[in-house]
Every structure is written in structure tokens, then in C-alpha cells.
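K.L.:
Supplied in C-alpha cells, the structure appears directly below.
The numbers here are math on the coordinates, done by the rules we state, and not lab data. Since we're looking at a predicted model, the values are computed, not measured. Note: ideal-geometry Cβ built from the backbone for every residue, glycine included; neighbour counts use all protein chains shown.
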Amino acid sequence: MKLLFETTNRTEVDETRFLLESRGIPIFIGNENAGNMLGPVFTARQFGLWVILEEHHEDAQALLNNPEHIVNKPVDVESFYTELEKHKPQTLNKMLRWSCGITIAVIALIYLFIVYS
């Protein structure tokens, strides 16, 4: 992933998302849902718009400068996101197993320290 730009303007993020995805460039928006968790008091937040496939970064920049730019290697964005979602549970399971293993090891070390102190 490569950062394209950061902004506090939600409209700019939405318009850019539409432009890039309609031309075959999948993106990720950092902090997209953070404001929803903080409530209406904290409405000003910084969004990061990331190009997921680094090979699309130059095309994305070119599209921002010229909406008529033709992307060299567009992808089917909907299929891309669907495939990404298929792998999410596997990644989360691996992360959970790893963090549980670390937690158990730390508890065991603390126990050994207490018993043999």
C-alpha cells in the first residue's frame, strides 16, 4: 500500500474513492470509521487515502491531475475486495492464535518468576 494523500475533507475522500475505483484502482481509507466511534463532538479527523496496489500509485496521481487519464492495469475492484474479504478471517485467526501464544508464554514466565523467587 502506498499513501496517496491525507485530508480532513470527507467529500474529497468520497469523490476520490469514486474516481479511482471506477477506473480499476482499489483503495483503502485510513480512519474512515474513527469519527463514528468518537461521536459528533470529534468531527474533525484526518483521513489517509491509500492505493492498495503500489503499481497503481502513479496512475492514481495522474487521475487526480487529469480525470481522463487511462489506467495501465486496472483491476475489477469488486472482485478484488471480495477476494480480500475471503482472506480476512484467516488473517484474524492467525493474529488471535499468535497473541494467545504470547499471552500464555508471558503468564508462564510470571508464574515461574513468582514460584522460584
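K.L.:
Would you mind ranking ASP76, ASP59 by Cβ crowding within 10 Å, fewest neighbours first? Let's see the in-between values first.
P.N.:
On the way: ASP76 11, ASP59 21.
Lowest to highest Cβ neighbour count: ASP76, ASP59.
K.L.:
Another one. Where does the charge balance sit around ILE70 when Lys and Arg score +1, Asp and Glu -1, over other residues with C-beta under 12 Å from its C-beta?
P.N.:
Net charge in that neighbourhood comes out at 0.
K.L.:
Something else: Roughly speaking, what is the stretch gain from ASP76 to THR8, that is 0.36 nm per residue apart minus the C-alpha to C-alpha distance, in nm to one decimal?
P.N.:
Values: separation 68, 0.36 × 68 = 24.48 nm, distance 2.83 nm.
That pair, ASP76 and THR8, stretches by 21.7 nm at full extension.
K.L.:
As an exercise, use a Förster radius of 25 Å and the Cβ-Cβ distance of GLU55 and LYS86 to find the FRET efficiency, rounded to the nearest 0.05.
P.N.:
Rounded to the nearest 0.05, the efficiency is 0.70.
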